[in-house]
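Here's the structure we're looking at; comments come further down.
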Amino acid sequence: MSDLAAPARPIVEAAIGSLCTACVLRVERRGEMDVIAAGTLCPDERAGPDAPCTADSLFDLASLTKLATTALALAFVRERVLALDTPFRELVPDFRGGRKDDVTLDHVLTHTAGLTWWLPLWKEVHTLEEAVWRAAQEPLAQDLGSFTYSDLGYIMLTQGLATIGGRTFADLIRETVLGPVEAIAADFGPRHPEHCAATEEDAEWRKRRLRGEVHDENAFAVGGIAGHAGLFGTAADVAAITRVFRDGAVIGNELAALARTERVKQGNVRRGIGLALRAPDGPMVGRHFSVDAYGHTGFTGTSVWIDPQLDLTVVLLTNRVYFGRGNDDAMYRFRIAVHEAVSAGTIHA
């Protein structure tokens, strides 16, 4: 154990009680690892007993789930069960007609399939099959090849990859991704509430503080298991999943390198396959991260960023939606500050 995370401790502790109630920061560099945990899991006694946040606490990973889904898709590509240029209609037969026939798996994984960014499916559907059918009927919202981050493609992948793999999506994720990388505690919900950092109080639909059940409404509507959201895990689990893209676990070095390579550049956005790449302008993850850095974020306040030039992996887990959804700017500033703090000492080290 080292003190890699220590420079960010004051920043993390200052965020407790205003930005979030719980936070875990895990930093890996040159074979060393450090982790700090702060806050408590659920001050709201209506959602079960509160407890200190620890390195082993479970967080709703939100869109970090997409990393596991991308890994599963690329594992099928490695096995030649799929190809990146496979028409998406072959995975999701209801997705067809017009320009949809030109959409490939690659388009979906790079968010360039022309899909609408989001739909309130939870107001219309009760099963995954219904959700996939509804998403497949939605007209394309922009030109093929134009970047728009979208949950819909990953929702449809939930069914498509299960069909290709001949098993349930959850079992495929467990057996193909989580097991091999040893993401030991990661799994879909519901999870035991007492082990989980609580998220938002859902006053509109579920009428309760959410704890151990997925925050994302569309994922919850289809049973809590989906390709875009649904996984719970620890900071160690997220670090384990990143081995897919950093070290070639599960998908091999060639596909891992391809995933980290710029496939999309649109304005200040750069994307690989299933990965965000460091933006050319603006702080994003701090001044010290190089243009080679890549990662992903999750709506609940989760993120992972890897910089191969600095040999640095940073997992930051919070429950920032505990106090509501109106703190995007504060979360962005917090993430920048944390990443600047832990990367500042690596520049000349």
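What are the residue pairs meeting all of these: first residue in the stretch 279-302, first residue within 22 Å of Cys23 (Cβ to Cβ), second residue open to solvent by 60 Å² or more (accessible area, probe 1.4 Å), Cβ atoms under 8 Å, and 6 or more apart or on different chains?
Filtered contacts from the stretch 279-302: His288/Ile347; Ala293/Pro308; Ala293/Gln309.
Please determine, by comparing only the residues of the stretch 269-279 that are part of a loop (DSSP other than H, G, I, E, B) and under 19 Å from Leu312 (Cα atoms), which one is nearest to the chain's Cα centre (by Cα).
So, considering only residues that are part of a loop (DSSP other than H, G, I, E, B) and under 19 Å from Leu312 (Cα atoms), the one nearest to the chain's Cα centre (by Cα) is Leu275.
Quick check: is even one residue across the stretch 207-215 at pLDDT 95 or above, hydrophobic (A, V, I, L, M, F, W, C) and surrounded by fewer than 17 Cβ atoms within 10 Å (Cβ to Cβ)?
There is no residue in the stretch 207-215 that is at pLDDT 95 or above, hydrophobic (A, V, I, L, M, F, W, C) and surrounded by fewer than 17 Cβ atoms within 10 Å (Cβ to Cβ).
Does at least one position in the stretch 266-288 carry a residue that is charged (D, E, K, R), closer than 19 Å to Gly153 by Cα and touching a strand residue (DSSP E or B) at 6+ places or on another chain (Cβ under 6 Å)?
At the first step, the residues of the stretch 266-288 found to be charged (D, E, K, R) are 270-271, 278, 281, 287.
Of the ones still in play, those that are also closer than 19 Å to Gly153 by Cα are 270-271.
Checking which are touching a strand residue (DSSP E or B) at 6+ places or on another chain (Cβ under 6 Å) leaves us with 270-271.
Yes, the stretch 266-288 has at least one match.
Here is a list: Ile225, Ile164. Which entry is part of a helix (DSSP H, G or I) and either farther than 30 Å from Asn268 by Cβ or not polar (S, T, N, Q) (or both)?
Ile164
So, of the residues in the stretch 296-319 that are open to solvent by 10 Å² or more (accessible area, probe 1.4 Å) and outside any strand (DSSP E or B), which turns out to be nearest to Ala259 (Cα to Cα)?
Here the residue is Pro308.
Just need a number here: residues in the stretch 159-175 that are more than 12 Å from Ala226 (Cα to Cα) and polar (S, T, N, Q).
Qualifying residue count for the region: 1.
So Val177 fits all but one of (1) of a type outside the set (Gly, Ala, Ser); (2) under 18 Å from Ala68 (Cβ atoms); (3) open to solvent by 20 Å² or more (accessible area, probe 1.4 Å); what number is the exception?
The single condition Val177 does not satisfy is (3).
Scanning for something within 16 Å of the chain's Cα centre (by Cα), closer than 30 Å to Gly114 by Cβ, open to solvent by 30 Å² or more (accessible area, probe 1.4 Å) and in contact (Cβ under 8 Å) with a residue 24 or more places away in the chain, does the stretch 149-162 turn up at least one residue?
yes
Name the residues in the stretch 216-255 that are touching a Gly at 6+ places or on another chain (Cβ under 7 Å), of a type in the set (Gly, Ala, Ser) and buried (at least 22 other Cβ atoms within 10 Å of the Cβ), would you?
If the condition is that a residue be touching a Gly at 6+ places or on another chain (Cβ under 7 Å), of a type in the set (Gly, Ala, Ser) and buried (at least 22 other Cβ atoms within 10 Å of the Cβ), then Ala219, Gly230 are the ones that fit.
The values are calculated or read from the model by the stated rules, or taken from the named source; none is laboratory data. It should be emphasised that the depicted structure is a prediction, and the values quoted were computed from it without experimental measurement. Reconstructed Cβ throughout: ideal geometry from the backbone, glycine too, with neighbour counts over all protein chains shown. Heavy atoms of the whole protein, side chains included, go into the accessibility calculation; ligands, DNA and RNA do not. Shrake-Rupley method; radii C 1.70, N 1.55, O 1.52, S 1.80 Å.
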